[in-house]
Every structure is written in C-alpha cells, then in structure tokens.
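> Quick one: the structure is below, and I'll ask about it shortly.
The values are calculated or read from the model by the stated rules, or taken from the named source; none is laboratory data. Note that the structure is predicted; figures quoted are calculated from it, not measured. Cβ placement follows ideal geometry from the backbone for every residue including glycine, while neighbour counts extend to all protein chains displayed.
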Amino acid sequence: MANLNLEFFRNHKRWLIVGLLFLLSAINYLDRQTLSVLAPVLREQLGFTTEQYSYVVSAFLAAYTAGFGVGGFVLDRFGSRIGLAVAVSFWSLAGMLHALAKGWQSLAVLRFLLGLGESLGPPGGAKAIGEWAPRRERALSMAIFSNGMITGAVVAPPLVTFLAMRFGWRWAFVLTGSLGFLWLVSWLLFYHPPERHPSLTVSERAHILSERQAVGGAVSFREVACNPACYGLIVARFLTDPVPYFFTFWLPEYLRRERDFTMALIGALGWIPFLAADAGGLSGGAVSDWLVRRGADPATARTRVLLIAACLTPASAIAVRASDSWLVLALIGLVLAAHSCWIVNLLTFMTERFPKNHVATVVGLSGVGGGLGGILATLITGRVISSYGYVPVFSGLACLHLTAFGVLRAITRRESPLR
C-alpha cells in the first residue's frame, strides 16, 4: 500500500503544485481578513468611523486594482516562480507592519501596500494552473486554488480572535503575516515550470504538455485586450467581485452592529458562511469538469454552471430580512457558495479561452474590473450603511450575478477562443 501511494504521488506531481497554490491563496486571504476580524476592536482603540473604515478598505482595493493592471503582465514576463515569490515576500512584510498602525490614515497606507503585493496572487495562481493542469482537471484544480481563499476566510475568525485575545491585536498582525515566509521556502524548493521540473516523470510531463497545446499559440497583447471575451470578463468581474469583498470586509461589522454578536461569538461562528463557500467552489469545479468528461464542450459546461450559480445569489436579499441569526448565516453561506462556484468557472473559462502566455494578463485585466467594482461598491457601502443601514446593500447584491451572466453571455456567445 505504501508503495502504491508513493507511486501515485511520483506520477501526480501536478497535485503537489495545486496544493502549494491552495496554501498560497489561503495565506493571501488570511492576511486580508485579519483586519476585517479586528475591525470592531480597531474602531474602538484607534477611533475611526464606519465611513473612515470604508476609506481604509478602499485603499487596499485601489492598490489591488492597480497591481492587477500590471501584475499579470509582470507574471507573464518573469514567470510564476519568481513573480509569486517576490509578491508573497512583499505582502507578508506589509501585513506584519500593520502592527505599527496609529490611526485610520496609517492603516490605509499599510493596506495599500498589502493590496499591491496581494494583487499578484490570483493571476499568478491562475497562470500556474493553466501551465500545470490538463483541461479535464482544470476546473477542479482552479476550485482547489480558489477555495484556498475561502479557507483563509474560514480560519481567520477563530485564529485571529484567539491571537488578539491572547497576545493583543498588534501581535495578531505579526503572526498571521509571518506565515507567508514559511510558504515561500516550500515554493522555491518545489516549484518549476513543467517543461523544466527536475523530478517530473516522462509520462506526466507528456500528459501535461500534450493537452496544453490545445490552448497554445502566438497571439499579441493587442489581440487579447481587444477581444470581446476579454472585456466581457472585465465587466463580469466588475459586477460580481463586490459580493465577496463586501462579506470579507463587512461581515464581522454587520454581525457585531446588527446581530449583537460579541467578539468571541464572531470568532466562533463567523467562519461558517466561508466554509459553505469552500463547498460551493469545489462542487462547481467538479460538476463542470464532469460535464467535460461526459463530452460537453468546455465553454458550454462552464457557462451552464455559471448560470446555476447566478440563480442562487438573490438569497442575500432574504438574508438581511431574516430574524434568526442561524438563518442569516446559512443564507449568506449560500450566496458565498454560489459566488465561489461562479468565480471558479469564470477563471477556468479564461484559461481555456486564451493562450497560456497571456492567461495571467487576462486574469489581471479582469481583476482591474473587479477591483474598480469593489472600490466603487465599498465607498457606496460606507455611505449607505451610515445613512440607511444594511438592507439596501444586501438587496443590491442580489441582482449582480444574473446581470453579469447576461452581459457575459451576450458578449461572448458569438466569439471563438483565441488560438
């Protein structure tokens, strides 16, 4: 049995790479979520308002958006190995420096630096998966990578709450930020492109590279950027990325202010909706891969699952009106699960629509759209909550995915993938 297991791992090195990318995205989201979990405490100790908190969050999103704009190009130029190593080092240091914050202005500067580094994580991971995962395994691989983000969000409430209550909020930033440097050691030891990986078997290398040829080709950046599918994806993320951003940055505040959760209760229960998101991402990736294995065209399979996910997101309008806190958490979990399913298939759609040497660029450009949508939505959210509460915000989120699906379908249905 031990020999069989050893043989399996020897011939499936690609899953080791997927595992490293899962950890990358988990650390990425843990560092991002640390502020959100600590927001009720920081608002009291550093003395800033709901509106000023929205400025802090927007500083992160502004850097995240700017980084997406150039990060994809940088990753396509220098490769995933070096690009992600530099990015993780930068954002981990920025996360640790949050311990020095004195007010909302200094916190905003540090969030800007964190966002700049973290912006290379998603396009770098998508690029690496496009290089390593065969098409029949790509949506599941993308789901595992994306679910790392959700896992980080699941772990953050109990872990950050424990660290803050045990050591203080400043040490919570230091300890969570340091995890990226531990990941960096494994990444530099184990990651190489499949063409040059020193311990990849001949059969696995041939399997990866032969399937990759289906999406290869020499295509200029101009052709990619001007392709309708590219700006369709940008619009889709502009409309839908505000949903996870809202719950990432505002859920602890919502539970504290509107549902009377204590800090300890947020730590005990605040992870539940994000656990549901884990299940949604994995099931969405597995279902669309199953459809491909059953003979469905990959684009058709991804599109069908995107529609199903979009039809579940109006549950947010019900969640904010529910009286039972358990029902609220369950409905928010359903929305996050649907979004995870959505983003997994949207990212997979990107890797199959464009040549591998432009995947990170396309993901980066789409991330610009998502970041701009997040910035605009966050600034509006701060003002709306201050004046009208959370009901209009939750209600507005309910229609975004269906709108995005209609736009994406209208733009891409007559366009063929670039080769």
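> Of everything in the range 310-351, what is farther than 13 Å from PHE247 by Cα and within 16 Å of the chain's Cα centre (by Cα)? Give them in sequence order.
Result: ALA338, CYS341, TRP342, ILE343, VAL344, ASN345, LEU346, LEU347, THR348, PHE349, MET350, THR351.
> Please work out if LEU331 is free of Cβ contacts under 8 Å to residues at least 40 places away in the same chain, in a helix (DSSP H, G or I), out of contact with any Pro (no Cβ under 7 Å at 6 or more places or on another chain) and hydrophobic (A, V, I, L, M, F, W, C). Quick ask: steps written out before the conclusion?
On the way: free of Cβ contacts under 8 Å to residues at least 40 places away in the same chain: yes; in a helix (DSSP H, G or I): yes; out of contact with any Pro (no Cβ under 7 Å at 6 or more places or on another chain): yes; hydrophobic (A, V, I, L, M, F, W, C): yes.
Spelling it out, LEU331 is indeed free of Cβ contacts under 8 Å to residues at least 40 places away in the same chain, in a helix (DSSP H, G or I), out of contact with any Pro (no Cβ under 7 Å at 6 or more places or on another chain) and hydrophobic (A, V, I, L, M, F, W, C).
> Next up: Restricting the search to the range 83-130, which residues are in contact (Cβ under 8 Å) with a residue 60 or more places away in the chain, farther than 25 Å from LYS13 by Cα and under 14 Å from the mean Cα position of the chain (by Cα)?
GLU118, SER119
> Tell me which of these GLY72 doesn't satisfy, since it passes every other one: (1) farther than 30 Å from ARG205 by Cβ; (2) touching a Pro at 6+ places or on another chain (Cβ under 6 Å).
All conditions are met except number (1).
> Let me ask something else. Given the conditions (1) at pLDDT below 90; (2) more than 17 Å from the chain's Cα centre (by Cα); (3) not small (Gly, Ala, Ser), and given that LEU372 satisfies all but one, which numbered condition is not satisfied?
(2)
> Right, another one. Is it the case, given these coordinates, that PRO157 is at pLDDT 75 or above, under 24 Å from the mean Cα position of the chain (by Cα) and assigned to a loop (DSSP other than H, G, I, E, B)?
No, not satisfied.
> Answer yes if at least one residue in the range 355-377 is within 14 Å of ARG302 (Cβ to Cβ) and in a helix (DSSP H, G or I), and no otherwise.
To start, the set of residues in the range 355-377 that are within 14 Å of ARG302 (Cβ to Cβ) comprises none.
The answer is no, given that none of the residues of the range 355-377 is within 14 Å of ARG302 (Cβ to Cβ) and in a helix (DSSP H, G or I).
> Another one. Out of THR351, THR378, I need the residue that is more than 17 Å from GLN52 (Cα to Cα) and of a type in the set (Ser, Thr, Tyr). Which one?
After applying the criteria, what remains is THR351.
> Do you know which residues across the range 296-328 are basic (Lys, Arg) and assigned to a loop (DSSP other than H, G, I, E, B)?
The answer is ARG321, and nothing else.
> Something else: Given the criterion more than 18 Å from LEU188 (Cα to Cα), in a helix (DSSP H, G or I) and among the charged types (D, E, K, R), identify the matching residue among ARG81, ARG111.
Of ARG81, ARG111, the one residue that is more than 18 Å from LEU188 (Cα to Cα), in a helix (DSSP H, G or I) and among the charged types (D, E, K, R) is ARG111.
> I'm checking my understanding of the structure. Among residues of the range 131-149 that are farther than 20 Å from ALA87 by Cβ and hydrophobic (A, V, I, L, M, F, W, C), which one is nearest to the chain's Cα centre (by Cα)?
Among those residues, the one meeting the criterion is ALA143.
> Mind listing whichever residues of the range 53-67 are surrounded by fewer than 23 Cβ atoms within 10 Å (Cβ to Cβ) and among the aromatic types (Phe, Trp, Tyr)?
The answer is TYR55, and nothing else.
> What about VAL70, is it of a type in the set (A, V, I, L, M, F, W, C), part of a helix (DSSP H, G or I) and surrounded by fewer than 22 Cβ atoms within 10 Å (Cβ to Cβ)?
yes
> While we're looking at this one, here's another question. Within the range 245-295, which residues are closer than 19 Å to LEU159 by Cα, among the small types (Gly, Ala, Ser) and either assigned to a helix (DSSP H, G or I) or within 15 Å of the chain's Cα centre (by Cα) (or both)?
ALA264, GLY267, ALA268, ALA276, ALA277
> Also, quick follow-up: Of all residues being of a type outside the set (A, V, I, L, M) and either in contact with an Asp or Glu (Cβ under 6 Å, 6 or more places away or on another chain) or at pLDDT 80 or above (or both) in the range 202-240, which is nearest to ALA398 (Cα to Cα)? Just the residue, please. It would help to see each step written out before you state the result.
The first filter runs over the range 202-240 and keeps only residues of a type outside the set (A, V, I, L, M), leaving 203-205, 207, 210-213, 216-217, 220-223, 226-228, 230-232, 237-238, 240.
Filter once more, keeping what is either in contact with an Asp or Glu (Cβ under 6 Å, 6 or more places away or on another chain) or at pLDDT 80 or above (or both): 228, 230-232, 237-238, 240.
Values: PRO228: 26, CYS230: 25, TYR231: 23, GLY232: 20, ARG237: 15, PHE238: 15, THR240: 10 Å.
Once the filter is applied, the top-ranked residue is THR240.
Yes/no matrix, rows are residues, columns are (1) under 24 Å from PHE48 (Cβ atoms); (2) in contact with a Ser or Thr (Cβ under 8 Å, 6 or more places away or on another chain); (3) polar (S, T, N, Q):
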| position | (1), (2), (3) |
| --- | --- |
| LEU97 | yes, no, no |
| PRO134 | no, no, no |
| ILE150 | no, yes, no |
| GLY168 | yes, no, no |
| LEU188 | no, no, no |
